[in-house]
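These notes are about the structure you will find just below.
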Amino acid sequence: MEELFTQWLQEYGYIILFIWSTLEGELGLIMAGIMCHTGHMTIPIAIIVAGFGGFVGDQVYFYIGRYNKQFIYKKLKTQRRKFALAHLLLQRYGWPIIFAQRYLYGMRTVIPMSIGVTRYSAKTFAFINLMSAIVWAAITILLAYFFGEQLLQIVHYGKEHYYIAIPFAIILGGGIYYYLHRATAKAEQKIAK
């Protein structure tokens, strides 16, 4: 199974990277950086493909907000606080929030939709979104490329010692999720005041 997955990555790597980047996912960019490190992808093409995928994904969310306001208000009731936070962030910080939204936990899909609901210029959003997506892809892929050997060693160790790696990954992932969730909640409270 692992060989088949590796073969798919080598044959369809750029397509998988584009789709993964469209849907979100720093993990896909890290895998692309490792594949650049091993020579299965080239850095410039990987950055362009991932950046374009991230751009397309956020444009889709923006236009969902622009043309489906009633759907958003009706179906995303549980996200109201995040939509309110996104509006406050846009009012307080302006265009830099569009650039930084990729790095805000739990807000990556909400901010483009929330901006789409407003009268914010679609052209301005698209330009800032494109620049942000390219920077996001470049930073993540280049870091994974430069630390590719260390990342491969971690993966190799995890495969050999799965009984340690699986609980460690669950604890680490849960800890990161908990920390980011609390940080986002604190930010929501600060901005709401």
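A few points about this structure:
- Distance between the 7 Å Cα→Cβ label points at Ser121 and Leu152: 4.7 nm.
- Computed with a 1.4 Å probe over protein heavy atoms only, the accessible area of Val60 comes to about 80 Å².
- Projecting label points 7 angstrom from Cα along Cα→Cβ for Gln91 and Tyr12 puts them 4.6 nm apart.
- Rounded to two decimals, the Cα-based Rg/Rh of segment 15-99, with Kirkwood Rh, is 1.10.
- Sequence of Phe62, Phe52 from largest to smallest accessible area, 1.4 Å probe: Phe52, Phe62
- Here the accessible area of segment 19-165 is 69 percent carbon and sulfur, with a 1.4 angstrom probe and all protein chains present.
The values are calculated or read from the model by the stated rules, or taken from the named source; none is laboratory data. Keep in mind it's a predicted model, so treat the numbers as computed, not measured. No Cβ is skipped: glycine too gets one built from the backbone with ideal geometry, and neighbour counts run over all protein chains shown. Side chains included, ligands, DNA and RNA excluded: accessible areas come from the protein's heavy atoms. Shrake-Rupley method; radii C 1.70, N 1.55, O 1.52, S 1.80 Å.
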